[in-house]
Amino acid sequence: MHEETFQAMRQSILDGAPDHASELARRSLALGINPLEAINAGYVPGMNAVGKQYGRGQMFLPDLMASSEAMTAAMAVLEPELRKLGGQRPTLGTVVLGTTKGDIHEIGKKLVGTLLAANGFRVHDLGADVASETFAAKARELNADIVGVSALLTTTMEGQKKVIEALERAGLRPRVKVMVGGAPVSRQWAQEIGADGYGKDAMSAVALAKSLLQVEELA
Ligand code: B1M
């Protein structure tokens with residue numbers, strides 16, 4: 001029904017056009033499009049197309065950066081709306097979230113945090129390029145139920161294992177559950193490093209967090 005808008009959103013990411021991307025986000029809200037649908041059907045396919053073109057050498061780092069700025073601009077409009085969906089629900093649990101050391105990708109991780117918050121979790125986002133000891137220290141400080149670790153590079157996936165080891169050293173395992181995700185991460189990798197679960201995307205990360213804490217699905 002809104003295919004034309006979604007197509008324009010995809011193109012705004014490919015063009016690396018932040019103003020157009022945020023304008024389309026505002027327009028989609030005015031049209032009553034669900035912000036999550038706008039992200040998943042409009043902007044994310046744009047980012048995936050950019051990733052493919054970059055991987056094939058058809059786009060270069062400055063293009064990648066311009067596209068990520070466009071994505072960030074759209075998210076800045078849509079995130080507050082997503083958070084509102086959470087309303088005044090009781091807190092389901094506390095999640096400490098971050099991207100591994102050496103990795104500055106955080107668009108997907110932020111989306112995971114936004115949806116967790118929208119679904120009633122208290123989320124503390126440590127940002128990107130986070131040392132494993134920082135995850136453990138924050139988990140202890142906040143008495144966290146879950147630590148969520150994102151990695152977008154094959155070279156920084158190992159950092160997810162290091163976070164688990166840091167939690168072990170701090171005596172916080174197995175009380176604190178660990179979930180991992182990010183484009184190169186798989187269920188098999190999660191099992192291999194002893195994580196409690198793997199989230200393929202932001203929606204499945206929410207379902208996973210609920211199942212790890214054995215909380216009921218909220219309507
Ligand atoms: Co980079 N980058 N990048 N990049 N970048 C990738 C990841 C890459 C696949 C592109 C490619 O070559 N095709 C490639 C990695 C190759 C590899 O290791 N396998 C790559 C590279 C090589 C690099 C650099 C090394 C480039 C260079 O410098 N030569 C460099 C690395 C810098 C560093 O980190 N040290 C780099 C830099 C950048 C930018 C800064 C320009 C920018 C990031 C901006 C930012 O985040 N602030 C960027 C971007 C934008 C990308 C692509 C194009 C898009 C990533 C994205 O935001 N996707 C990416 C290609 C791709 O993935 N298609 C690429 C949209 C987002 C919504 O999806 O992040 O997958 P995603 O998150 C999803 C799921 O994965 C999941 O849920 C999210 C929402 O559905 N998920 C979780 C994520 N975290 C989760 C955690 C969970 C659960 C689920 O639980 C805790």
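Assorted remarks:
- Hey, residue 201 over 15 Å from residue 95 (Cα atoms) and among the acidic types (Asp, Glu) or not: yes
- Those residues of region 8-57 which are in a loop (DSSP other than H, G, I, E, B) and more than 20 Å from residue 183 (Cα to Cα), in sequence order: 15, 16, 17, 31, 32, 33, 34
- Whichever residue in region 151-173 is within 15 Å of the ligand (Cβ to nearest atom) and among the small types (Gly, Ala, Ser) and, among such residues, is surrounded by the most Cβ atoms within 10 Å (Cβ to Cβ): 151
- Count - residues of region 23-46 that are within 13 Å of residue 78 (Cβ to Cβ) and under 19 Å from the mean Cα position of the chain (by Cα): 12
- Count - residues of region 99-144 that are more than 10 Å from the ligand (Cβ to nearest atom), buried (at least 24 other Cβ atoms within 10 Å of the Cβ) and either farther than 15 Å from residue 82 by Cα or over 16 Å from the mean Cα position of the chain (by Cα) (or both): 5
- Qualifying residue in region 128-137 (condition: closer than 27 Å to residue 35 by Cβ and not acidic (Asp, Glu)): yes
- Count of region 84-136 residues which are hydrophobic (A, V, I, L, M, F, W, C) and over 19 Å from residue 212 (Cα atoms): 8
- Of all residues making up region 174-219, the number that are surrounded by 19 or more Cβ atoms within 10 Å (Cβ to Cβ), in contact (Cβ under 8 Å) with a residue 60 or more places away in the chain and within 7 Å of the ligand (Cβ to nearest atom): 5
- Long-range neighbours under 6 Å by Cβ, at least six apart or interchain, first residue more than 13 Å from residue 44 (Cα to Cα) and of a type in the set (A, V, I, L, M, F, W, C) within region 107-118, second part of a helix (DSSP H, G or I) and modelled with pLDDT under 90: 117/83; 118/82; 118/83
- Members of region 136-149 that are of a type outside the set (Gly, Ala, Ser) and in contact with a Ser or Thr (Cβ under 9 Å, 6 or more places away or on another chain): 142, 143, 145, 146, 149
- Within region 57-80, if we keep just the residues that are within 19 Å of residue 42 (Cβ to Cβ) and small (Gly, Ala, Ser), the residue that is modelled with the lowest pLDDT turns out to be 68.
- Some residue of region 108-124 being out of contact with any Ser or Thr (no Cβ under 6 Å at 6 or more places or on another chain) and basic (Lys, Arg): yes
- Options 83, 122, 140; residue that is modelled with pLDDT of 90 or more and closer than 27 Å to residue 33 by Cα: 122
The values are calculated or read from the model by the stated rules, or taken from the named source; none is laboratory data. Note that the structure is a prediction, hence the values are computed from the model and not measured. All Cβ positions, even for glycine, are placed from backbone atoms using ideal geometry, and neighbour counts span all protein chains on display.
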